[in-house]
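The values are calculated or read from the model by the stated rules, or taken from the named source; none is laboratory data. None of these values were measured; they are calculated from a predicted model. All Cβ positions, even for glycine, are placed from backbone atoms using ideal geometry, and neighbour counts span all protein chains on display.
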Amino acid sequence: MAINMKPLADRVIVAPAAAEEKTKSGIIIPDTAKEKPQRGEIVAVGSGKKDEPLTVKVGDQVLYGKYAGTEINIDGQDYLIMKEADIFAIV
Amino acid sequence: MAINMKPLADRVIVAPAAAEEKTKSGIIIPDTAKEKPQRGEIVAVGSGKKDEPLTVKVGDQVLYGKYAGTEINIDGQDYLIMKEADIFAIV
Amino acid sequence: MAINMKPLADRVIVAPAAAEEKTKSGIIIPDTAKEKPQRGEIVAVGSGKKDEPLTVKVGDQVLYGKYAGTEINIDGQDYLIMKEADIFAIV
Amino acid sequence: MAINMKPLADRVIVAPAAAEEKTKSGIIIPDTAKEKPQRGEIVAVGSGKKDEPLTVKVGDQVLYGKYAGTEINIDGQDYLIMKEADIFAIV
Amino acid sequence: MAINMKPLADRVIVAPAAAEEKTKSGIIIPDTAKEKPQRGEIVAVGSGKKDEPLTVKVGDQVLYGKYAGTEINIDGQDYLIMKEADIFAIV
Amino acid sequence: MAINMKPLADRVIVAPAAAEEKTKSGIIIPDTAKEKPQRGEIVAVGSGKKDEPLTVKVGDQVLYGKYAGTEINIDGQDYLIMKEADIFAIV
Amino acid sequence: MAINMKPLADRVIVAPAAAEEKTKSGIIIPDTAKEKPQRGEIVAVGSGKKDEPLTVKVGDQVLYGKYAGTEINIDGQDYLIMKEADIFAIV
């Protein structure tokens with residue numbers, strides 16, 4: 001899945017996974033209040049900064065902090081625009 | 001559309017899109033309170049910093065944070081002067 | 001118009017435009033409270049920093065933030081000494 | 001022990017040791033309130049930053065600050081994702 | 001006029017001008033409360049930092065912020081030790 | 001004296017000296033409240049950062065600030081893990 | 001005068017001058033409350049940082065800020081350990 005939008009520099013667009021209690025790979029999002037990690041799929045990536053190409057690519061499943069990024073809505077679906085540094089890991 | 005004004009360094013001038021609920025490409029600006037992303041068109045770009053030329057160019061449709069930039073009014077129309085780093089993505 | 005004073009490094013001296021509601025080129029200064037952009041003419045420029053020569057030159061009409069710089073008075077006229085980074089654009 | 005998850009950049013995933021009063025090597029976790037050091041095992045490591053490969057490797061027993069990292073739960077077990085800089089020492 | 005004291009690095013010693021309302025070159029110090037620019041003469045300069053030699057030299061008349069530097073008294077006269085970056089311009 | 005633990009990067013492990021009023025070399029720890037310097041012996045050192053090898057070595061007697069480092073307890077003895085930058089001098 | 005102690009990196013040890021009203025060279029310490037400059041003699045110097053050797057040397061008479069450094073007591077005499085950047089000038 002990819003969308004027709006080009007994030008600038010080190011930004012990526014993530015399609016958040018549905019808010020299921022337990023994902024396919026068994027990851028359970030804990031209920032702690034602050035900075036709850038969440039999971040989603042990369043749908044668009046920037047070109048990176050001058051000397052730091054991005055690591056993640058479209059299609060990667062990633063974990064990120066609860067309050068990472070800014071919400072946008074494209075064709076009725078919610079996405080998050082965030083910096084790659086806000087992503088913790090590729091699942 | 002372009003205007004006769006030269007932003008310095010990594011600054012750009014943006015003509016904000018009219019405050020429609022749903023844009024042509026289907027982007028709906030969410031109603032969250034803090035840092036609502038907005039959309040506009042680049043009308044002037046700076047020369048970039050020494051070793052970082054700008055990525056956006058005049059005519060690009062862009063998304064940016066709600067409180068990004070400083071408002072100016074040229075010939076009766078409102079514009080925003082902001083740094084390229086305040087721009088999230090090219091639509 | 002130029003004055004006999006040499007700003008250091010990346011500083012410039014600006015002669016603020018008279019406080020007219022609408023300037024010749026049609027720029028209307030908005031009435032927002034914080035950081036209202038203002039307009040003036042460069043009357044003296046520094047030599048720049050080691051690897052960053054200045055972009056503006058004496059005679060340039062520029063826009064800058066309302067609270068940018070420090071006021072001085074030379075031969076009865078008010079000027080502002082500010083850093084080039086406080087200047088938004090050349091009109 | 002290793003898990004199938006790839007931390008980004010300088011991040012690592014740690015499996016915290018059980019909360020025993022005294023570990024095998026004799027380390028007793030003091031009861032001070034702020035920044036109590038804790039012990040765990042590295043189960044996944046990132047690729048490091050451009051010019052700084054990581055020092056720790058999967059299987060290392062490490063000490064880290066009490067509030068370091070973000071908790072995640074994979075297949076029912078708790079892990080911590082943190083930056084290598086949050087790790088004090090290899091035991 | 002020079003004094004026998006060697007400021008370190010990018011520091012300079014300034015002999016503040018007498019507190020006259022209007023100086024010879026016509027500069028009137030405005031009465032604004034915060035950061036009123038003041039005028040003085042450089043009496044000693046440091047060797048500069050590794051790759052940034054100082055621009056001002058002994059004998060230069062300079063403008064600086066009201067609260068710049070630290071006061072010292074040498075042989076009964078007041079001086080200010082400040083960093084060159086605290087100096088706005090050479091008059 | 002050395003211990004079997006490897007601090008990361010620019011960290012060192014210090015065995016604090018007993019809290020005597022006056023040490024062998026005559027150093028008396030003053031009773032000032034904030035940042036009282038203390039004395040100890042280096043028992044383990046990290047490999048340093050990429051381009052900055054550590055200066056202190058195992059066995060060095062050092063002075064450091066009162067609140068430097070994090071306490072750990074190994075085999076019943078208290079140690080401090082701190083960064084070399086927290087160490088003032090080798091006695 | 002020198003002491004047998006090796007400051008790390010860019011630190012120096014200063015023996016503060018006695019609290020006389022007027023020193024031999026005529027420097028009078030002003031009575032301002034905040035950051036009163038003081039005078040002392042360098043008794044030990046560090047090796048400097050990687051690419052910045054120290055400027056001051058043992059025996060130099062220096063001026064420094066009132067609250068610079070940390071007090072230590074060696075063989076009954078008070079000294080100050082501070083960074084060279086806390087020293088204003090060599091007298």
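Could you grab me the full set of residues in the range A:45-59 that are among the basic types (Lys, Arg) and more than 14 Å from chain B (Cβ to nearest Cβ)? Once the filter is applied, which keeps residues that are among the basic types (Lys, Arg) and more than 14 Å from chain B (Cβ to nearest Cβ), the range A:45-59 yields only A:LYS57. Given the structure, is B:ILE90 more than 10 Å from chain C (Cβ to nearest Cβ) and buried (at least 17 other Cβ atoms within 10 Å of the Cβ)? Here the answer is yes, as B:ILE90 does meet what is asked.
Filter the range A:38-65 down to the residues that are assigned to a loop (DSSP other than H, G, I, E, B), among the acidic types (Asp, Glu) and either modelled with pLDDT under 85 or touching a helix residue (DSSP H, G or I) at 6+ places or on another chain (Cβ under 6 Å) (or both) and list them by number.
Matches in the range A:38-65: A:ASP51 only.
In the range A:24-37, is there at least one residue being of a type outside the set (D, E, K, R), modelled with pLDDT of 80 or more and in contact with a Leu (Cβ under 9 Å, 6 or more places away or on another chain)?
no
In the range D:50-63, the residues that are surrounded by 13 or more Cβ atoms within 10 Å (Cβ to Cβ) reach residues that are among the basic types (Lys, Arg) with C-beta atoms within less than 8 angstrom, at least six apart or across chains, in these pairs: D:GLU52/F:LYS50; D:GLN61/D:ARG39; D:VAL62/D:ARG39; D:LEU63/D:ARG39. Among what's in the range D:66-87 and is modelled with pLDDT under 90 and in a strand (DSSP E or B), pick the residue that is surrounded by the most Cβ atoms within 10 Å (Cβ to Cβ). My answer is D:ILE72.
Sort out which residues of the range D:60-87 are away from chain A (no Cβ under 11 Å), of a type outside the set (S, T, N, Q) and under 10 Å from the mean Cα position of the chain (by Cα), and write them in order of number.
Scanning the range D:60-87 gives D:ASP60, D:VAL62, D:LEU63, D:TYR64, D:GLY65, D:ALA68, D:GLU84, D:ASP86, D:ILE87.
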